[in-house]
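Here is the structure we will look at.
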Amino acid sequence: MAHPLRLDPRGLGSVIPVKMLSQRFLLLRLAASFTRRSFCTGGALKQGKQGKAPDMIEGNPQFHVSNVRNRLREIVGASTNWSDHQQAMAERVSLSSMLAKSQNELPAKRMKDSYLEVHLPLGSEPQLREKYLTYHNTVRFGRILEDLDSLAVLISYSHTYNSELKRSPLSIVTALVDKIDMRQHVIYPDCDIKFTGHVTWVGKSSIEAKIHMSQYRDGAYASVLDATFVMVARDPGNKRAAFVNPLKPEGPEEERLFQEGEANKSRRVELSTASLLKVAPTQEERTVVHGLFLNTLDTNTVSFRSRVLPPNSVWMEDAKLKGLEICHPQERNIFNRIFGGFLMRKAYELGWANACSYGGCRPSLVAVDDILFQKPVEIGSLLMLSSQVCYTQGTYIQVRVHSEVFDPLTRQHNTTNIFHFTFTSDRDVPNIMPKTYGESMLYLDGKRHFDQTVAC
């Protein structure tokens, strides 16, 4: 009996047997169970082939990371040329008639249908390393964030693929990076990297995609990180929500992943409802804030205004770092807006620099939590980034990065993104101390994110 076939996201017209995918699909499940190794914090490996994976030494351009964005352009009909790209995006509006009127019109898909495996052969292709290399001979994590974002979009398009359409009428964009958990602190610049991922949950117009990243070293792949993205589908003009194919879990493991996606959705709703921008802090949090206030009062005076910085502490107002980016067409995505991965890279690098300055050493990333994409960033915008150390505990540094676009004509500022990063230092860091009520709310918000990513 012939094997069932599925779309090969490398090309709309080709298919590959599901059986051939099964082993790769299983890797996504097994990778997280690899024993965590003890890695040094030094630079590159010694010369040799220990960082070259057998499945990458010969080269496989069809699964190469550089092809991901090219495939996305093909799927939506985008051009690599700026002027042609604008015209292509204008023509996409005519695809609105191809959208489903309800989700019931769309066939259910399996998790296997969206499974992708993408290679980043840093060990096998030395010429590729420069783009990813830091001055200290480690891998730029901001570049990894860009690759993860592109891959999450392609996974979502693989789920919604329709063989009868030459171009997808859907505009799929990143709504949220729910969480990125680091499994090791060091990413080696001369060892091959593999990304595997697939859709794990679907709503009416939203998609959750999980991605696992591993790196080949000492004859085996070791886990590096696990990421969860939430994508949303919109119409060709990116104006309103559009329906996506329902997801049909197969087996207990896939059912568990689907239920986990449901739980993630419920958790996000609860967190939004309990936001400190909407409701007062809990009794326990109010006690924390009052304790910080009492700890900074000047005991020599009887005044609420006289404040003294405790030993080994830093005022929150002195733990900021800001930056500005002019958003050029080079950084656009396939929908003529600024690429979300670019925004994440810039926010991460600013947050890392702030944590480095605050802790006095090069910090390591522990987790990325709750990156919210509130509004798209238009090409030509002035993007203002502001990072703030908002919570510390022992060796940990919690950093919040706020991004907004500034219109020099109207003088208006509009928030586009909020980023949360958890770093760790190789030594204890000073305690961050809020002075105003607003800073106290930032402190509590940082503590909430820290507790979710580290303490739990």
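The values are calculated or read from the model by the stated rules, or taken from the named source; none is laboratory data. None of the values given here were measured: they were computed from a predicted structure. Using ideal geometry, Cβ is built from the backbone for each residue, glycine included, and neighbour counts are taken over all protein chains shown. SASA here: full protein model, heavy atoms, side chains in, ligands and nucleic acids out. Shrake-Rupley method; radii C 1.70, N 1.55, O 1.52, S 1.80 Å.
See the values below:
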read-out: Test set (1) at pLDDT below 95; (2) open to solvent by less than 20 Å² (accessible area, probe 1.4 Å) - N245 fails condition number; value: (1)
read-out: Pick from region 308-335, criterion buried (at least 16 other Cβ atoms within 10 Å of the Cβ) and aliphatic (A, V, I, L, M), ranking: farthest from E378 (Cα to Cα); value: V314
read-out: Hits in region 419-442 - residues which are hydroxyl-bearing (S, T, Y) and buried (at least 22 other Cβ atoms within 10 Å of the Cβ); value: T422, S440
read-out: Qualifying positions in region 366-381 - in contact (Cβ under 8 Å) with a residue 60 or more places away in the chain, open to solvent by less than 10 Å² (accessible area, probe 1.4 Å) and not charged (D, E, K, R); value: A367, V368, I371
read-out: Those residues of region 203-236 which are free of Cβ contacts under 8 Å to residues at least 60 places away in the same chain, closer than 20 Å to P249 by Cα and among the aliphatic types (A, V, I, L, M), in sequence order; value: I207, V230
read-out: Filtered residue count, region 155-177, keeping only those that are surrounded by fewer than 22 Cβ atoms within 10 Å (Cβ to Cβ) and under 17 Å from the mean Cα position of the chain (by Cα); value: 3
read-out: Selected residue (criterion: least open to solvent (accessible area, probe 1.4 Å)) from residues of region 281-307 that are among the aliphatic types (A, V, I, L, M) and over 15 Å from K447 (Cα atoms); value: L297
read-out: Verdict on M384 being under 24 Å from V314 (Cβ atoms), in contact with a Pro (Cβ under 9 Å, 6 or more places away or on another chain) and either surrounded by fewer than 17 Cβ atoms within 10 Å (Cβ to Cβ) or of a type in the set (A, V, I, L, M) (or both); value: no
read-out: Filter result (touching a helix residue (DSSP H, G or I) at 6+ places or on another chain (Cβ under 7 Å) and surrounded by 13 or more Cβ atoms within 10 Å (Cβ to Cβ)) within region 248-280; value: P249, E254, L276
read-out: Flag for E284 being part of a helix (DSSP H, G or I), among the charged types (D, E, K, R) and touching a Ser or Thr at 6+ places or on another chain (Cβ under 9 Å); value: no
read-out: Qualifying residues in region 102-133 (those that are free of Cβ contacts under 8 Å to residues at least 12 places away in the same chain and over 14 Å from V65 (Cβ atoms)) - the one nearest to the chain's Cα centre (by Cα); value: E130
read-out: Residues satisfying the stated conditions in region 102-152, i.e. of a type in the set (D, E) and in a strand (DSSP E or B); value: E117
read-out: Count of region 336-355 residues which are open to solvent by less than 20 Å² (accessible area, probe 1.4 Å) and not aliphatic (A, V, I, L, M); value: 7
read-out: K375 of a type in the set (K, R) and under 22 Å from R332 (Cα atoms); value: yes
read-out: Meets criteria (of a type in the set (D, E), modelled with pLDDT of 95 or more and either more than 25 Å from D178 (Cα to Cα) or touching a His at 6+ places or on another chain (Cβ under 7 Å) (or both)) for E349; value: no
